[in-house]
Amino acid sequence: MEPAIPTGSAFRMRSCMNSFAPIRYHKLMPLYSPGQTLLIDADDTLWENNVYFERAIAGFIGFLDHHEYSPAEVRQALNAVERETVLAHGYGLTSFTRSLVTCFAQLSLAPLTEERAERILGFARSIAEQEIELLPGVAETLAELSTRHQLILMTKGNHAEQADKLSRSGLSSYFSAVEIVAEKDPAAYLQVLDRHQLAPRPSRAPQTNWMIGNSPKSDINPALAAGLNAVFLFHRDTWILEHATLDPAPQGQQLLELDSFQNLSDLF
Ligand SMILES: [Mg+2]
């Protein structure tokens, strides 16, 4: 007997994915009509990022070689230092380096000699030297989406670092605008909407502005709070400081979950 052709869309909510694999017999029409505005996160949405920090941190913890604290305890201490550093100095590699140095000074019994400082700088430098590794299907999917929708890159962090990564990624031409903000909070999303004259939704009209990204804390919850729809893209290596419970979508807004960037072309 021939299997039935599924009538639903070709994507599954992530919560359903464990129970059955998506079955795709043919390319369906995207779920949403052309002319949407898609704000798209960069780190760990378009390209790998946090995994390099995890490797650098593992190297740092090995180098510290603490005799009293376990690696997990050192990591907890570093997380606390990073929270403070980010608040005071923002995101980026300079802040990360500062966090490693502060953590070393707090935990190590050995003095911070020039040689040790140089080793610590090396862990941060190893991140800066990484080639950009696009996540699967990103370039093809952006090329397709950009023919139907307005794409705006929406990332946070150090302006020069983020702009440099975008330039090296080869993806710049798919975006009509690039927004690099210090923090992704509801006010930042409202400012971006305002700057691009993306009018607030008139009552009853469907919302056509979307935020797409891997961070519940920075991409999804503040975008929902600012009135946008959102697509949460699961990434297994999302930075622990970006973890949060996903807020439910307010009435009239949508929150969708996908586990792969390329499935966006089923939606848009
Ligand atoms: Mg991200």
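The values are calculated or read from the model by the stated rules, or taken from the named source; none is laboratory data. Note that this is a predicted model, so its numbers are computed, not measured. For neighbour counting, all protein chains shown are included, and Cβ atoms are generated from backbone atoms with ideal geometry for every residue, glycine included.
Which of the residues belonging to segment 59-110 are touching a helix residue (DSSP H, G or I) at 6+ places or on another chain (Cβ under 8 Å), of a type in the set (Gly, Ala, Ser) and within 19 Å of Ala128 (Cα to Cα)?
Gly59, Gly92, Ser95, Ser99
Pairs please, first residue from segment 39-59 and more than 18 Å from Glu257 (Cα to Cα), second anywhere and among the aliphatic types (A, V, I, L, M) and in a helix (DSSP H, G or I), Cβ atoms under 6 Å, 6+ apart in sequence or on different chains.
So the pair list comes out as Tyr52/Ile127; Ala56/Ile127.
Pairs under 6 Å by beta carbon, first residue more than 19 Å from Asp266 (Cα to Cα) and at pLDDT below 95 in segment 213-237, partner within 13 Å of the ligand (Cβ to nearest atom) and of a type in the set (A, V, I, L, M), six or more apart or different chains?
Once the first residue is more than 19 Å from Asp266 (Cα to Cα) and at pLDDT below 95 and sits in segment 213-237, its partners that are within 13 Å of the ligand (Cβ to nearest atom) and of a type in the set (A, V, I, L, M) give Asp237/Val51.
Filter segment 102-112 for residues that are assigned to a helix (DSSP H, G or I) and surrounded by fewer than 19 Cβ atoms within 10 Å (Cβ to Cβ) and give the result.
Thr102, Ala105, Gln106, Leu107
Quick check on segment 72-89. Is at least one of its residues in a helix (DSSP H, G or I), free of Cβ contacts under 8 Å to residues at least 12 places away in the same chain, closer than 16 Å to Leu121 by Cα and not assigned by TED's automatic domain parsing to the domain that holds His243?
No, every residue in segment 72-89 fails to be in a helix (DSSP H, G or I), free of Cβ contacts under 8 Å to residues at least 12 places away in the same chain, closer than 16 Å to Leu121 by Cα and not assigned by TED's automatic domain parsing to the domain that holds His243.
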